[in-house]
Every structure is written in structure tokens, then in C-alpha cells.
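Visitor: Please see the structure below; I have some questions.
The values are calculated or read from the model by the stated rules, or taken from the named source; none is laboratory data. Being a predicted model, the structure only gives us computed values, none of them experimental. As a convention, Cβ positions derive from the backbone with ideal geometry for all residues, glycine included, and neighbour counts pool all protein chains shown. Areas reflect the complete protein model, heavy atoms only, side chains present, ligands, DNA and RNA absent. Shrake-Rupley method; radii C 1.70, N 1.55, O 1.52, S 1.80 Å.
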Amino acid sequence: MATIGIFDSGSGGLSVYREIVKLLPREHYLFFADNAHCPYGEKPASYIQDRARTITDILSGLGAEVIVVACNTATAAAIATLRAAYPALPFIGMEPAVKPAALGTKSGVIGVLATAGTLKGSKYLKTRGQFEDNVRIVEHVGEGFVELVERGILDGAEAEKVVRASVEPLLDEGADILVLGCTHYPFLRPLIERIAGPGVQVIDPAPAVARHTVHVLRDSGIPTGDGPFRIDLYSSGSPDSLRRIFSLL
Ligand code: DGL
């Protein structure tokens, strides 16, 4: 049985856990939501790097053998420093699904929804650079999306107004594929899909990250599959949002 540490700025990372547990149902999960410091989106990289190190210390102290950084913003800001600081610990990060979107678009325009921190990260800019000769990539920060999810507001008039304000500019540009570049956003997916309409595909990279997690565990020689399922949830702040989102899974 593997002990898998997962963290996010808040409860959004549970959208990644949800995919991992489908492939690895008999492991011990430690999920840490950094609610007291959420959102990470506009915070300086150095701040997120400090939080990522503190959380990694906690999770590895609790026995995590692998860490999934279930946060695009923390991946962009901190995964390189984490790998350098903990060379013996495997880390798995998030990546906006620009490649499958670029291969799948018919209109030649893809829309990326992510935080400001992710959109200015060097990893994203590099990926973008690889594809923008062939497709047009338009971006929008999901303004207020993280706050909605943390408050458990996933539908209704308020959520619709907030989500429309960030999704419609991408549709107006002609995007026929929307990439969810923040792990909170999949909880708003039904609403995003309703606003976007049937001609627009929405891509969440979490299933690909889950498959990658299986490979990393195998390559690291960490045995899986022989334990009873268990999850321990931790929060640096109020556990309310974690409890709310977890109950939806
Ligand atoms: N869930 C996060 C991400 O994937 C962080 C959002 C935030 O805290 O701003 O980017």
C-alpha cells in the first residue's frame, strides 16, 4: 500500500484526488488543503514556495512516499524548488492540457482558464510557445472561481454571473475547447459546459495526472494495491470547505 500525499491551496485539489483514487483505490491518502493561505493565484512565487515546503514537511512527516502537487499555481511556482530540496521524494505536478486541446480544436482557437500565477509561469509559457504557431491560444483568469468553490457555490445566479464573465470572452474569440488550468475549476465544470454550449469541449488534465501518478509509483518501486483504503484530510484553516467539497465526491 502506498501513502500518497496530495496538497492544494484549498479544496480544489480534491478534483485530482477523485481521479487518482479511481485508479488506485486501495492506498492511504493524506490530503492537505492550505485554506488559511488560499487563494495562491496572485501571491508571489516565494510565498508559495515557502508554503509548499512547509506542507511537504508535514506530509512526509506523516509518511507520504510521493507528493502530488494538486495545484497548477503551486506547480508553476514551486515544483522545481521542491524537487531540488527533497531529491529522494517523487513529486507529481499539474500541467494545463494545452497539447490535447491543440490537437483537438477544429476552430483553431483554444481557451485556457487558469490563475494569474499559472499563466505567467515559465512552464506554461514554454508549453504555449510549442503550440502557438499552429493554434491561437486565448487565456482568461477564472476571476472569483476559487472563492466560489471554497464557499461551495457551484451553481445558481451568483455562480453563473461570475463564471460567465470569464468564459464568454474566450467563446467570443472563437474557442471550441476550454482547458481547465486550475484544480478548483472542475467543480464548476457543469456550469462552464452549460454556458459554453454543446459545441465546446472542456478538458480537465486530472485523469492524465492520475495515470502519471500510477507510473511514478511503479517507477519508484512503491508497492500499491494491497491496503485498505484510507484518507486523512488536513486543513491549515477552517475545515468547512474541505468537508463540503469532500461530501460531494
Ligand atoms: N487550485 C489551484 C490551482 O490549481 C489554486 C487556486 C488558487 O489558490 O488561486 O491553481
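Visitor: Can you name every residue in the stretch 99-121 that is touching a residue at least 24 places away in the same chain (Cβ under 8 Å) and either away from the ligand (no atom under 15 Å from the Cβ) or out of contact with any helix residue (DSSP H, G or I) (no Cβ under 9 Å at 6 or more places or on another chain) (or both)?
Guide: K99, P100, A101, A102, G104, T105, K106, S107, G108, V109, I110, G111 - these are the residues of the stretch 99-121 that are touching a residue at least 24 places away in the same chain (Cβ under 8 Å) and either away from the ligand (no atom under 15 Å from the Cβ) or out of contact with any helix residue (DSSP H, G or I) (no Cβ under 9 Å at 6 or more places or on another chain) (or both).
Visitor: Hey, another quick one. Please work out which one of (1) open to solvent by 50 Å² or more (accessible area, probe 1.4 Å); (2) in contact with a strand residue (DSSP E or B) (Cβ under 6 Å, 6 or more places away or on another chain) is the condition A157 fails and give its number.
Guide: All conditions pass for A157, except number (2).
Visitor: If E95 passes every condition in (1) farther than 24 Å from R218 by Cβ; (2) open to solvent by 40 Å² or more (accessible area, probe 1.4 Å); (3) within 16 Å of the ligand (Cβ to nearest atom) but one, which one does it miss?
Guide: (1)
Visitor: Considering every residue within the stretch 171-184, establish whether at least one is in a helix (DSSP H, G or I), closer than 26 Å to F246 by Cα, open to solvent by 40 Å² or more (accessible area, probe 1.4 Å) and among the charged types (D, E, K, R).
Guide: Within the stretch 171-184, not a single residue is in a helix (DSSP H, G or I), closer than 26 Å to F246 by Cα, open to solvent by 40 Å² or more (accessible area, probe 1.4 Å) and among the charged types (D, E, K, R).
Visitor: Another question, then. Looking at the structure I just gave you, is G12 open to solvent by less than 10 Å² (accessible area, probe 1.4 Å), touching a His at 6+ places or on another chain (Cβ under 7 Å) and small (G, A, S)?
Guide: Considered against the rule, which asks whether it is open to solvent by less than 10 Å² (accessible area, probe 1.4 Å), touching a His at 6+ places or on another chain (Cβ under 7 Å) and small (G, A, S), G12 comes out as yes.
Visitor: Looking at this structure, is S235 at pLDDT 95 or above and among the small types (G, A, S)?
Guide: So S235 passes the test.
Visitor: Which count do you get for residues in the stretch 47-64 that are surrounded by fewer than 21 Cβ atoms within 10 Å (Cβ to Cβ) and away from the ligand (no atom under 16 Å from the Cβ)?
Guide: 7
Visitor: Let me ask something else. Is there any pair linking a residue in the stretch 192-215 that is within 18 Å of L113 (Cα to Cα) to one that is of a type in the set (S, T, N, Q) and crowded, with 16+ Cβ neighbours inside 10 Å, with Cβ under 6 Å and at least six apart or on different chains, and which?
Guide: As it stands, the answer is A206/S15, since those pairs meet every condition given.
Visitor: Condition check: touching a Phe, Trp or Tyr at 6+ places or on another chain (Cβ under 6 Å) and in a helix (DSSP H, G or I). Does L103 satisfy that?
Guide: no
Visitor: Step by step: first the residues of the stretch 116-150, then only those that are part of a loop (DSSP other than H, G, I, E, B) and modelled with pLDDT under 95, then the one that is surrounded by the fewest Cβ atoms within 10 Å (Cβ to Cβ). Which residue is that?
Guide: Among those residues, the one meeting the criterion is D133.
Visitor: Which ones in the stretch 197-238 are under 24 Å from S107 (Cα atoms), open to solvent by less than 20 Å² (accessible area, probe 1.4 Å) and not in a loop (DSSP other than H, G, I, E, B)?
Guide: Matches in the stretch 197-238: V202 only.
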